[in-house]
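Working notes for the structure below.
The values are calculated or read from the model by the stated rules, or taken from the named source; none is laboratory data. These numbers were taken from a predicted model, which means no experiment stands behind them. Here the Cβ positions follow ideal geometry from the backbone for every residue, glycine too, while neighbour counts run over all protein chains shown. Ligands, DNA and RNA are excluded from the accessible area calculation, which covers all protein heavy atoms including side chains. Shrake-Rupley method; radii C 1.70, N 1.55, O 1.52, S 1.80 Å.
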Amino acid sequence: MKQTFEQALIEQCAPTLAGIKPANLFRVTGPTLAYLQERADHWDHLLSPLGMRVQTLKQCGKTTASIVYVYRVAWVTRLLSEPNTRAFLVRSGYTQTALTGMLEQLSLRLCLEQEYPHEIGIFLGYPLNDVVGFIENHGRNFTCCGYWKVYGDPAHAKQCFARFRSCTEYYKQRYQTGTPILQMVVAS
């Protein structure tokens, strides 16, 4: 059975909705791309007043699938403007400094690059040393693996992973028992 947009939002973005993670990304299919864009726009409209945005980064007409990015604007803006992170993104070819421009560049990279843009981890709130470690090690030699591959502090990462899993299970349970998504969103 295909997952609805709302089910994907809860199952893939609960930590962001709860305010314990700056951003999440998910892939969802639907009857048409227009329908998926309408759902993304609907949720963007509802979540914007709470300091969050919902943006489609990529669409595929062949599979009627979208990659949707859900993020806390102030938190992601702060992460991307940290000096070491900014320097890393510049070295990776990002020329824009505003969040919207960087997301446009990320979207283009998702659509045009032959290799997946691994710097996307920065946009999801992964630690810079883990993103750099993943790229330099080609995804090998990590110290632990969960929501991302860890090259730095595995104990801290495991704590984060446990919080994210617990949050996701709690949000899924509440959603399945009828709690509206907006009642579960923690405002920025």
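With an 8 Å cut-off on Cα pairs and a minimum separation of 6 or more residues, tell me the relative contact order of segment 1-142 in percent.
Rounded, it is 20 percent for segment 1-142.
Per residue of the chain, what 222 nm ellipticity follows from adding -39500 (n - 2.57) for every DSSP H run with n ≥ 4, rounded to the nearest 500?
-16000 deg cm²/dmol
Using R₀ = 30 Å, calculate the FRET efficiency as 1/(1 + (r/R₀)^6) where r is the Cβ-Cβ separation of residue 74 and residue 129; round to 0.05.
Efficiency, rounded to the nearest 0.05: 0.85.
In debye, nearest 20, what is the charge dipole magnitude of segment 29-114 about its Cα centre with +1 on Lys and Arg Cβ and -1 on Asp and Glu Cβ, if you could check?
Using only the charged Cβ atoms, the result is roughly 200 debye.
Calculate, for residue 87 and residue 118, the FRET efficiency according to 1/(1 + (r/R0)^6) with r their C-beta to C-beta distance and R0 25 Å; round to the nearest 0.05.
0.90
Cross-link list 2/149; 2/62; 62/172: which exceed 25 angstrom alpha carbon to alpha carbon?
In this structure, 2/149; 62/172 lie more than 25 Å apart at Cα.
Report, to the nearest whole %, how much of the accessible area of segment 99-188 belongs to carbon and sulfur atoms, 1.4 Å probe, protein only.
51
Return one whole number: the accessible area per residue of segment 103-155 in Å², for a 1.4 Å probe.
On a per-residue basis, 56 Å².
Rank by packing, highest mean first: peptides 66-78, 174-186, with packing defined as the count of other Cβ atoms within 10 Å averaged across residues.
Peptide ranking by packing, descending: 66-78, 174-186.
Let's see if you can work this out: charge +1 on each Lys and Arg Cβ, -1 on each Asp and Glu Cβ, no other charges. What is the dipole magnitude of the chain about its Cα centre, in debye to the nearest 20?
280
Placing +1 on the Cβ of each Lys and Arg and -1 on the Cβ of each Asp and Glu in the chain, which of 131, 117, 160 has its Cα farthest towards the positive end of the resulting dipole?
Sorting the options by dipole projection puts first 160.
Would you mind classifying segment 92-140 by shape? Square roots of the alpha carbon gyration tensor eigenvalues, ordered a ≥ b ≥ c; an a/c under 1.5 is rounded, otherwise it is prolate if a/b is larger than b/c and oblate if not.
The shape class here is oblate.
What shape does segment 84-188 take by its C-alpha gyration tensor, where a ≥ b ≥ c are the square roots of the eigenvalues and a/c under 1.5 counts as rounded, a/b above b/c as prolate, and the rest as oblate?
Oblate is the answer for segment 84-188, as a/c is 1.5 or above yet b/c matches or exceeds a/b.
Over all Cα pairs of the chain, how is the pair count split among 10 Å bins, expressed in % and running from 0 up to the last occupied bin?
All Cα pairs, binned at 10 Å, distribute as 9, 34, 39, 17, 1 percent.
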